[in-house]
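The values are calculated or read from the model by the stated rules, or taken from the named source; none is laboratory data. Predicted model, so just to flag it, every value in this text is computed and none were measured. Virtual Cβ from ideal backbone geometry, glycine too; neighbours counted across all protein chains shown. Keep in mind that these areas ignore ligands, DNA and RNA; they rest on the heavy atoms of the full protein, side chains included. Shrake-Rupley method; radii C 1.70, N 1.55, O 1.52, S 1.80 Å.
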Amino acid sequence: MDRKHVVFLKVAELGNVTAAANELHIAQPSLTRTIASLEQMFGAKLFVRLPRGMILTEAGRVFYRHVKEMEAVYNRALRDVETVKRGFHDVVRIGCGLTYQLLLMPEILRRLWREFPQTSFQVHTGSADDHARALRDGELDFVITAAIDKVEDPLIEVTKLCRIEHGVAHWPGGLPDIPGDEKMPMDLLEDQSWVLFQIEPQLKSSMEKRFYQLGLAPPRIGLVTSSLQLGLEMLSSEGMVMSVPTALRDWLQQRGYRLHATSEPIWELDSGIALLTTNRDHPVTQALINHAKVLVRTLPAFAACL
C-alpha cells in the first residue's frame, strides 16, 4: 500500500499522532505533513484536532472505509503472490455459523484436505455480524453463514445454499410431546423461558415481532450465550427452550433433545457462502462451493430447507 495510506490508517486507528509515529518508526513532523498533504489533495479536513488526540471527520470516515478495503485487497495480493511462489495456499480462513459448523464443515474439511493436502484450514465461529466485518476486513477468506443479508456489499459475492428456519428445541417433558414432524403451536411457547444461541439481535427482534403479531406476550429471554453446550444444559436441567435451526433436528434427537418447527416461523433467512470478489479465482473457492452445494442437496438434514 502507498505510504500515505498506511499513515492515515494508523492515525485513524490510534487517534494520536505521536503514538502513530512511534509505531510506524517515522518522525512526527513527517507524519503530520503526510496527513496535511492528504487533506490538501481532497480539499477537506480528514481529522478533527483535539487537545488529547484526533478523531475522523465525516469525510475522514468515508475515506477510512475505502482505505480499509484497499488494505484488505493489498494483503490478499501479498498472500496470493506468495501462494504462486509456493504453489499452494498456506492457510485458508473460514467463518462458519452453528448449523454449517455442525452439519457441513466436518465433511467439507475432509474433502478439502484430500484436494489441498499442504493447506491448513482455520474455522472461526461467531455471529453473522462478526463474520461480515471480518470478511470485509480481509481477516476471513470465506464465510458460510445463515444470514447472507448481513454481507450485502458490492465487493462481496454470495452463493445461496438454502433457506434456514428456526424452530424450538426442548428437553422431553418441557413442552407437549407431539410427533417430530408436527409443528409446535406458538401459543404453547408464550410462558416459556428462552435461551438464545449467540448474540444475534436480529433473532431476538424477529421473535418479539412474531409474538406481537400473534397477540402473545413478549418472549422471556433467560439466557443469551455463545456456548451451545451451556444452552443445551439449561434445556435439560432448567426446562428452558431454545431457538435453533430446524436442520439440526436429527443432531439434537441423537442427544436426547426434541426440536420442532413452529406454527409460525420464529426466524427464517437465506443462507450461503460469501467471499470477496478478489477471491473469485482462489484455488479453494470452487471446491468449497461445489462441495457445499452437493452436501446441502444430499444430506437429509437439509431436505426441508431447499
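Could you check, for the stretch 182-190, whether at least one of its residues is touching a residue at least 24 places away in the same chain (Cβ under 8 Å), in contact with a Phe, Trp or Tyr (Cβ under 7 Å, 6 or more places away or on another chain) and open to solvent by less than 50 Å² (accessible area, probe 1.4 Å)? Checked the stretch 182-190: no residue is touching a residue at least 24 places away in the same chain (Cβ under 8 Å), in contact with a Phe, Trp or Tyr (Cβ under 7 Å, 6 or more places away or on another chain) and open to solvent by less than 50 Å² (accessible area, probe 1.4 Å). Within the stretch 274-299, residues that are free of Cβ contacts under 8 Å to residues at least 40 places away in the same chain have Cβ atoms under 9 Å from residues that are outside any strand (DSSP E or B) and surrounded by fewer than 18 Cβ atoms within 10 Å (Cβ to Cβ) in these pairs: ASP281/ASP80; ARG297/LEU306, counting only partners at least 6 apart in sequence or on another chain. Whenever a residue of the stretch 51-69 is in contact (Cβ under 8 Å) with a residue 24 or more places away in the chain, its partners that are open to solvent by 40 Å² or more (accessible area, probe 1.4 Å) and among the acidic types (Asp, Glu), lying with C-beta atoms within less than 9 angstrom and at least six residues away or across chains, give the pairs TYR64/GLU13; LYS68/ASP137; GLU69/ASP137.
Conditions (1) assigned to a strand (DSSP E or B); (2) in contact with a His (Cβ under 9 Å, 6 or more places away or on another chain); (3) open to solvent by 20 Å² or more (accessible area, probe 1.4 Å), marked per residue:
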residue	(1), (2), (3)
GLY215	no, no, yes
ILE221	yes, no, yes
VAL224	yes, no, yes
MET234	no, no, yes
SER237	no, no, yes
VAL244	yes, yes, no
TRP251	no, no, yes
GLY256	no, no, yes
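Looking at SER205, SER193, just one residue is among the small types (Gly, Ala, Ser), at pLDDT below 90 and over 14 Å from the mean Cα position of the chain (by Cα), and that residue is SER205.
Yes or no, residue by residue, for (1) within 22 Å of SER263 (Cα to Cα); (2) in contact with a strand residue (DSSP E or B) (Cβ under 6 Å, 6 or more places away or on another chain):
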{"residue": "VAL168", "(1), (2)": "yes, yes"}
{"residue": "PRO179", "(1), (2)": "yes, no"}
{"residue": "MET186", "(1), (2)": "yes, yes"}
{"residue": "LEU196", "(1), (2)": "yes, yes"}
{"residue": "GLN202", "(1), (2)": "yes, no"}
{"residue": "GLY215", "(1), (2)": "yes, no"}
{"residue": "GLN229", "(1), (2)": "no, no"}
{"residue": "GLU233", "(1), (2)": "no, no"}
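The numbered conditions (1) within 21 Å of LEU235 (Cβ to Cβ); (2) modelled with pLDDT of 85 or more; (3) assigned to a loop (DSSP other than H, G, I, E, B) are all true for ARG210 except (3). Would it be correct to say that GLY174 is open to solvent by less than 60 Å² (accessible area, probe 1.4 Å), part of a loop (DSSP other than H, G, I, E, B) and over 28 Å from CYS96 (Cα atoms)? Taking the combined requirement at face value, the residue satisfies it.
In the set VAL244, VAL195, VAL224, which member is in contact (Cβ under 8 Å) with a residue 40 or more places away in the chain, in contact with a Leu (Cβ under 8 Å, 6 or more places away or on another chain) and more than 30 Å from ASN290 (Cα to Cα)?
VAL195
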